[in-house]
Amino acid sequence: MSKHHRNAIAMTKVRVQKRRKTVGAAPGTLIYTGQQSEAGTRVRLFDFNEGHCDDLPVQRVHDIEQYKARPSITWIDVDGLQDTKLIEQIGHIFGLHALVLEDVLNVEQRPKVEDNGDYFYVVARMLTYQEATHELTFEQVSFVLGGNYLITFQDKPGDVFEPVRIRLRHAHGRIRKMGADYLMYALLDAIVDNYFVVLDRLAERAGELDDLVTARAQERLLADIHRLKREMIFVRKAVWPLREVILALQRSESPLMREETAIYLRDLLDHVIQAIEGIDTTREVLREMHDVYLSNVSNRTNAVMKVLALFSSIFMPLTFVTGIFGMNFKYFPELEWKHGFAGVMVTLAVIAAAMLMFFRKRRWI
């Protein structure tokens, strides 16, 4: 069993164990369903407007309260969800419903959007491809969008948001001139842009497998094809629902989604649709690759059976002749013939040659 398959089984066991903890729990019970890590929970705060941008780590959760009433835009970036008490305190400061916090900590959520009146709750899936191990990882990112604030919750350290942070720090583009809804768009756009990076790498792997399958059919290749097909299923489950999320945000009449942001959401929707089409194309290539693999295996088997059948057809009359002359009768024709052995061998050679000529004439060989 490969290392990747062992890791996949281990991850499945962890998810099953975590989900069992939530069975029978009261709605709104805060239970973290991800994997525990030593990184802990870290909070970083960006407070900005057109003229300034404060970028600072949050040491105490209560320090966030002073930014809530400011007219500037505040982005609270929570990295790591192990500290459920801290998550609960952030939710209390911004008046988040317990069910929303429960969904934040349940890291197996389907991408979705919920309009809770004073704020939007959005779930997206962030994909990363590990070049060293050739593994595809999925991470839930939760967004809470308010009038002048945005809270993001991530499960693991590391993300694709650094270009957005750089734009905030250095006032690149229009990001510091727009509202919190545009900031959420920019972060979602970074997630979707990274989809294309992952899809390009998966497409490259599919192309490499296609070349190998065409050259030779091996059981290892079939396992690699099945692994890649499973990964594409999970990718599709992560990307496809995001289309409905963007559509819901685009059509929302909430004052939290400003009209000037709608055009950017349309562009983001186009990118999501393009990613979905790329996923479907790769899945179709893998489906055809699987058929080609089975066809190659069948052709190789048929070629082997053809050779065996030809040998059987050639040796069948030879066996018949030798069987006749191998019978132990006292009075057997030509038994005392001086050149009997040589005559039989010549006869066998002529029969074999005639069979080969017949097969060649019929283009069977």
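Residue by residue, here is whether (1) loosely packed, with under 14 Cβ neighbours inside 10 Å; (2) within 21 Å of the chain's Cα centre (by Cα); (3) at pLDDT 90 or above holds:
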position	(1), (2), (3)
220	yes, yes, no
225	no, yes, no
235	no, yes, yes
242	no, yes, yes
249	no, no, yes
257	no, no, yes
261	no, no, yes
271	no, yes, yes
285	no, yes, no
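Taken together, the residues in region 71-93 that are assigned to a helix (DSSP H, G or I) and either β-branched (Val, Ile, Thr) or buried (at least 17 other Cβ atoms within 10 Å of the Cβ) (or both) amount to 6. Restricting attention to region 268-312, report how many residues are farther than 29 Å from residue 211 by Cβ and either touching a residue at least 40 places away in the same chain (Cβ under 8 Å) or not in a helix (DSSP H, G or I) (or both). Residues in region 268-312 being farther than 29 Å from residue 211 by Cβ and either touching a residue at least 40 places away in the same chain (Cβ under 8 Å) or not in a helix (DSSP H, G or I) (or both): 4 in total. If you go through region 27-76 and pick out every residue that is in contact with a helix residue (DSSP H, G or I) (Cβ under 9 Å, 6 or more places away or on another chain), small (Gly, Ala, Ser) and more than 15 Å from residue 153 (Cα to Cα), you end up with 1. If the condition is being of a type in the set (Gly, Ala, Ser) and either touching a residue at least 12 places away in the same chain (Cβ under 8 Å) or under 24 Å from residue 36 (Cα atoms) (or both), then region 69-101 contributes 72, 80, 91, 95, 98. Each residue in region 340-365 was checked for being assigned to a helix (DSSP H, G or I) and either in contact (Cβ under 8 Å) with a residue 40 or more places away in the chain or hydroxyl-bearing (Ser, Thr, Tyr) (or both), and 4 pass.
Within region 122-136, one or more residues are under 16 Å from residue 75 (Cα atoms) and buried (at least 19 other Cβ atoms within 10 Å of the Cβ).
The values are calculated or read from the model by the stated rules, or taken from the named source; none is laboratory data. Owing to the predicted nature of the structure, the values given are computational and were not obtained by experimental measurement. Note that each Cβ is placed from the backbone with ideal geometry, even for glycine, and that neighbours are counted across all protein chains shown.
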